[in-house]
């Protein structure tokens with residue numbers, strides 16, 4: 001049966017009302033839209049942290065010199081290290097091998113002579129766990145910084161000609177939570193838009209209700225819009241709830257406006273919903289749709305969006321793939337609106353990229369959804 005001529009707004013509103021009632025009655029939709037965001041935000045705010053604080057190290061003090069004890073106190077007094085003291089390296093080397101300690105610093109017995117004659121060797125020995133390269137580099141570099149700072153305080157090192165005083169814009173406290181939580185909101189929106197839409201529409205195909213809708217006088221565009229608009233509203237509500245939680249509970253600043261945040265979210269829902277629609281039109285099975293949504297939606301958003309791993313540090317072929325990941329543009333925009341403000345020079349290119357990807361998805365979905373039961 002072919003659709004009636006012309007686009008009908010009353011018919012579209014009826015389809016939206018029908019789908020809205022189904023969303024309200026669907027426990028899985030409510031769970032994904034309102035319970036899962038809370039769980040994920042708490043996980044990323046408290047369980048996941050890229051901040052390096054209280055790194056466990058062993059501190060072997062074999063010298064009796066008062067200045068050696070002063071250096072040991074400098075290591076114990078910093079907030080970046082959690083020191084396990086020892087008198088012999090054998091007492092703590094097992095902790096490094098077992099992974100309980102990320103490194104150790106040895107202040108040698110001839111520390112005083114090395115201070116008097118630098119040609120005798122370095123003041124301290126620094127051993128790090130190379131199985132964790134980032135932490136190993138931090139332990140080595142910061143341990144050297146502690147020694148240098150202590151030496152300057154003792155008047156044992158020349159005063160540097162340049163006095164660097166670093167200033168960090170947008171995130172002065174260097175808290176990873178301030179960019180992880182906006183990124184988590186992007187992951188949540190991806191799940192709501194892509195995974196939830198793919199599952200719900202695939203379930204319609206499984207039950208045969210989608211074929212029943214296609215047999216009505218409603219046009220394909222009306223059916224697709226009627227299916228997607230409730231999830232569009234659901235996504236915006238989830239964004240508002242997540243942002244309110246990020247600001248009120250986790251203490252994130254919102255330097256931008258709520259209007260910009262909602263606009264960015266609305267634009268991102270276009271490719272997210274479109275991708276879910278394409279997946280459901282191709283799979284037409286909930287299990288397969290869930291697997292495809294996780295593989296093509298959630299995993300790229302998690303790994304290739306810059307959420308945890310910097311895109312600039314990725315190989316060139318992977319960087320090229322990130323260009324077609326909508327979450328890349330959305331997460332960058334969210335971090336900007338939270339930490340910097342309404343930077344439209346950043347927002348507009350990102351919004352254009354998201355809309356372009358969304359249009360491609362909707363064209364594919366429209367091509368795969370026909371008012372015919374023939375394959």
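Here are some notes:
- Counting only residues that are exposed (fewer than 14 other Cβ atoms within 10 Å of the Cβ) and in a helix (DSSP H, G or I), region 207-232 holds 4 of them.
- Being surrounded by fewer than 17 Cβ atoms within 10 Å (Cβ to Cβ) and either in contact with a strand residue (DSSP E or B) (Cβ under 6 Å, 6 or more places away or on another chain) or touching a residue at least 60 places away in the same chain (Cβ under 8 Å) (or both) holds for only one residue in 237, 262, and it is 237.
- Test: residue 363 is in a helix (DSSP H, G or I) and either farther than 30 Å from residue 221 by Cα or in contact (Cβ under 8 Å) with a residue 60 or more places away in the chain (or both): no
- Checking each residue in region 325-344 for being part of a helix (DSSP H, G or I) and over 23 Å from residue 252 (Cα atoms) picks out only 326.
- For region 27-51, the tally of residues that are farther than 20 Å from residue 302 by Cβ and surrounded by 16 or more Cβ atoms within 10 Å (Cβ to Cβ) stands at 1.
- Matching residues, region 124-133, being surrounded by fewer than 17 Cβ atoms within 10 Å (Cβ to Cβ) and under 14 Å from residue 56 (Cα atoms): 132
- Test: residue in region 311-323 that is buried (at least 17 other Cβ atoms within 10 Å of the Cβ), under 23 Å from residue 192 (Cβ atoms), modelled with pLDDT of 90 or more and out of contact with any strand residue (DSSP E or B) (no Cβ under 8 Å at 6 or more places or on another chain): yes
- Residue check, residue 51 at pLDDT below 80 and either closer than 21 Å to residue 245 by Cβ or in a loop (DSSP other than H, G, I, E, B) (or both): yes
- Among the residues listed as 235, 226, 186, the single one being modelled with pLDDT of 75 or more and over 20 Å from the mean Cα position of the chain (by Cα): 226
- Taking the criterion of being under 21 Å from residue 347 (Cα atoms) and surrounded by fewer than 20 Cβ atoms within 10 Å (Cβ to Cβ), the only residue of region 265-299 that qualifies is 266.
- Residue count for region 62-84, restricted to those that are in contact (Cβ under 8 Å) with a residue 40 or more places away in the chain and either part of a helix (DSSP H, G or I) or under 19 Å from residue 100 (Cβ atoms) (or both): 8
Residue-by-condition table, conditions (1) in contact with a helix residue (DSSP H, G or I) (Cβ under 6 Å, 6 or more places away or on another chain); (2) modelled with pLDDT under 85; (3) farther than 30 Å from residue 99 by Cβ:
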residue	(1), (2), (3)
142	no, no, no
161	no, yes, yes
180	yes, no, no
199	yes, yes, yes
202	yes, yes, yes
208	no, yes, yes
213	yes, yes, yes
230	yes, no, yes
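- Any hit, region 125-134, residues being within 22 Å of residue 79 (Cβ to Cβ), without any contact (Cβ under 8 Å) to a residue 60 or more places away in the chain and in a helix (DSSP H, G or I): yes
The values are calculated or read from the model by the stated rules, or taken from the named source; none is laboratory data. Here the structure is a predicted model, which is why all the values come from computation and not from measurement. Because the Cβ atoms are built from the backbone with ideal geometry, glycine has one as well, and the counts that use them run over all protein chains shown.
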